[in-house]
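Beneath this line is the structure, given in structure tokens, with notes to follow.
Every number here is computed from the coordinates shown, using simple stated rules; none is lab data. Model, not experiment: these values are computed from the prediction. Cβ sites come from the backbone with ideal geometry, for glycine too, and all protein chains shown count toward neighbours.
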Amino acid sequence: MRRINFYIMTKLKTLLIFITLLAAIGCRTPRDVAYFQDIENNSYATVRDSADIRLMVGDKLSIVVHARKAELASQFNLSVQSQRVGYTNLNNGSYQMSTYTIDDEGNIDFPELGTLHLEGLSRGEVIKLIKTKLIEGEYFLDDDFVVTVEFDGMFFTILGEVSRPSRYAITKDRLTILEALGMAGDMAIQGKRVNVKVLRDEGQGKRVYMLDFTKANEVLNSPVYYIQQNDVVYVEANDMRKRQTTNNANTLRTGSFWISMASILTTLYLAFIKK
């Protein structure tokens with residue numbers, strides 16, 4: 001009888017050790033959580049040439065002309081009703097930011113200058129265009145006025161396994177996807193680094209780009225390394241996270257199943273073998 005009990009006890013102990021190991025494997029944290037695993041310390045990686053945001057139909061811009069003589073500049077700025085308070089003018093007084101929306105033809109209607117085609121231009125090119133028009137029209141000399149252009153209501157969206165999924169404003173010309181992830185609080189541990197999707201408006205529809213954040217050169221040289229307006233970044237959940245969200249998560253592939261089995265066998269061992 002003792003030999004039988006010893007045999008059963010040995011088998012149960014072996015089985016418990018095996019189940020514990022399986023449970024640990026099932027619950028382990030994924031290894032692929034570090035960015036840029038292909039870069040060694042003190043090494044270099046090439047970065048894609050910077051790309052300024054190009055204006056699209058529906059984009060909004062705040063455009064203000066400043067001059068030492070405020071009354072001269074005011075004729076090129078929108079009425080107070082269409083403006084929101086912004087910065088300070090050259091006379092240390094407050095001025096308003098004039099908001100324009102690019103129409104379906106890619107144009108805006110600018111005071112005194114009439115129709116200006118802005119679709120496809122960068123922010124710097126818009127400034128240059130307006131300054132050239134004002135000088136050619138002999139409204140100003142080339143050194144006695146300033147034109148400021150700011151993005152207004154330009155956003156990107158980040159979804160999925162990040163700390164703060166949301167829509168975020170684009171406030172500068174060159175916003176990288178790394179900065180975008182930082183704004184969203186970075187990817188969660190459950191985020192799949194090797195399969196991040198970026199949806200971008202191109203032509204008649206959206207194009208999907210795939211990024212592997214464990215590979216530096218792939219990210220840094222991607223066309224979507226610099227975020228554009230209306231981009232949607234989606235961080236897919238890894239396999240462990242997906243299993244946690246299934247209707248029947250307690251399966252042979254989950255750690256909770258093996259933990260439950262270990263608990264049952266331990267109870268049986270204590271209840272019968274120890275007697």
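Some notes on this structure:
- Charge tally in the Cβ shell below 14 Å around Asp201, where Lys, Arg are +1 and Asp, Glu are -1, Asp201 excluded: 0
- Environment charge of Phe145, counting only residues whose C-beta is closer than 14 Å and scoring Lys/Arg +1, Asp/Glu -1: -2
- Residues of region 40-59 with an amide N closer than 20 Å to a point placed 7 Å from the Cα of Glu125 along the Cα-to-Cβ direction: 49-59.
- Residue order, fewest to most beta carbons within 10 Å, for Lys206, Lys60: Lys206, Lys60
- FRET efficiency estimate (nearest 0.05) - Cβ-Cβ, Asp239 to Asp201, R0 22 angstrom: 0.10
- Rule-of-thumb Rg ratio for region 155-237 [Cα; 2.2 N^0.38 Å; N residues]: 0.99
- The GluC sites (Glu not before Pro) of region 99-180 meeting both criteria, a DSSP state outside H, G, I, E and B (loop) and at most 10 other C-beta atoms within 10 angstrom of the site's C-beta, are Glu105, Glu138.
- Summary value for region 155-237: 41 percent relative contact order, contacts being C-alpha pairs under 8 angstrom separated by 6+ residues.
- Among the listed pairs Lys69/Lys172; Lys60/Lys128; Lys60/Lys206; Lys128/Lys197; Lys69/Lys133, those beyond 27 Å (Cα-Cα): Lys69/Lys172; Lys128/Lys197
- Electrostatic bookkeeping for Val126 treats Lys and Arg as +1 and Asp and Glu as -1; over the other residues with beta carbon under 14 Å from its beta carbon, the sum is -1.
- The fewest-to-most ranking of His117, His66 by surrounding Cβ atoms within 10 Å reads His117, His66.
- The ranking of Leu175, Leu118 by Cβ neighbour count inside 10 Å, starting from the fewest, reads Leu175, Leu118.
- Put a dot 7 Å past the Cα of Thr157, heading toward its Cβ, do the same for Val57, and the two dots end up 2.0 nm apart.
- Peptides 183-194, 48-59 ordered by packing proxy, namely the average of other Cβ atoms within 10 Å per residue, highest first: 183-194, 48-59.
- In a fully extended conformation the segment linking Arg164 and Asp144 would gain 2.7 nm over its present Cα-Cα distance, using 0.36 nm per residue.
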